[in-house]
Amino acid sequence: KQEVTQIPAALSVPEGENLVLNCSFTDSAIYNLQWFRQDPGKGLTSLLLIQSSQREQTSGRLNASLDKSSGRSTLYIAASQPGDSATYLCAVRPGGGNKLTFGTGTQLKVEL
Amino acid sequence: NAGVTQTPKFRVLKTGQSMTLLCAQDMNHEYMYWYRQDPGMGLRLIHYSVGEGTTAKGEVPDGYNVSRLKKQNFLLGLESAAPSQTSVYFCASSTSQNTEAFFGQGTRLTVV
């Protein structure tokens, strides 16, 4: 059974700092991995999707990497801003499967 | 551009009552999903559909039923609500199994 772990569960950083969020998964036979952002009381907003054949994806200040063989992904946020404060979730889709398996998220707070 | 829309946004039910949650997407996506989100447990898949007229069980299907009579709509039913079904419910859709998943804003359900 695929298990997805996100460490740390919570993170607080000062504005302007570059930071890395971690996601690890136990079964490397994945189709893709997706990073989401969730604001309190809101739905999930897709940030980046990395296919299993890709090593990284970039969108603005966000960069996500994937090392399938080691079961790891990182989300790099450059020059963090208070507006980046949210919970960040990663989810993996198994090869040939239809369901996303989610981690429990990292709650990020960017302080002024 | 509505994307994925869920109704209602909030609901309080008494134990034993029934209700239906509606998910509508305007992106012509084939795949639709229902997840529940509980503190400390991440998002778990309840049921999903790979096209109009199809449904399949996810990770936690007991106590729920679904229907996909029209491609754009995916309904989640609770026949006899229980306190254990208190949760936030999210609907999602995607073009296929290896493309980006888009989520609705969620339905917060409390069963008393």
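The values are calculated or read from the model by the stated rules, or taken from the named source; none is laboratory data. The structure presented is a predicted model; accordingly, all values stated were derived computationally and were not measured. Please note: Cβ atoms are built from the backbone with ideal geometry, for glycine as well, and neighbour counts cover all protein chains shown.
Is it the case that some residue within segment B:84-98 is crowded, with 18+ Cβ neighbours inside 10 Å and in a loop (DSSP other than H, G, I, E, B)? Within segment B:84-98, one or more residues are crowded, with 18+ Cβ neighbours inside 10 Å and in a loop (DSSP other than H, G, I, E, B). When the strands (runs of 3 or more DSSP E) confined to segment A:1-85 are screened for residues that are of a type in the set (D, E, K, R), those reaching at least 1 such residues are found at A:30-38, A:56-59, A:62-67, A:72-77.
Within segment B:65-83, if we keep just the residues that are charged (D, E, K, R) and touching a residue at least 24 places away in the same chain (Cβ under 8 Å), the residue that is surrounded by the most Cβ atoms within 10 Å (Cβ to Cβ) turns out to be B:ARG68. Of the residues B:GLY16, B:GLY42, the single one that is closer than 18 Å to B:GLN105 by Cα and either modelled with pLDDT of 95 or more or touching a Phe, Trp or Tyr at 6+ places or on another chain (Cβ under 9 Å) (or both) is B:GLY42.
Here is a yes/no grid of residues against (1) closer than 13 Å to A:ILE77 by Cβ; (2) touching a residue at least 40 places away in the same chain (Cβ under 8 Å); (3) hydroxyl-bearing (Ser, Thr, Tyr); (4) in contact with a Pro (Cβ under 7 Å, 6 or more places away or on another chain):
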position: A:ALA9; (1), (2), (3), (4): no, yes, no, no
position: A:VAL20; (1), (2), (3), (4): yes, yes, no, no
position: A:SER24; (1), (2), (3), (4): no, yes, yes, no
position: A:SER28; (1), (2), (3), (4): no, yes, yes, no
position: A:PHE36; (1), (2), (3), (4): no, yes, no, no
position: A:GLY41; (1), (2), (3), (4): no, no, no, no
position: A:THR45; (1), (2), (3), (4): no, no, yes, no
position: A:GLN51; (1), (2), (3), (4): no, no, no, no
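Among the residues of segment A:87-107, those that are under 13 Å from the mean Cα position of the chain (by Cα) and surrounded by fewer than 21 Cβ atoms within 10 Å (Cβ to Cβ) comprise A:THR87, A:THR104, A:GLN107.
If the condition is being part of a strand (DSSP E or B), within 14 Å of chain B (Cβ to nearest Cβ) and among the aliphatic types (A, V, I, L, M), then segment A:87-112 contributes A:LEU89, A:ALA91, A:VAL92.
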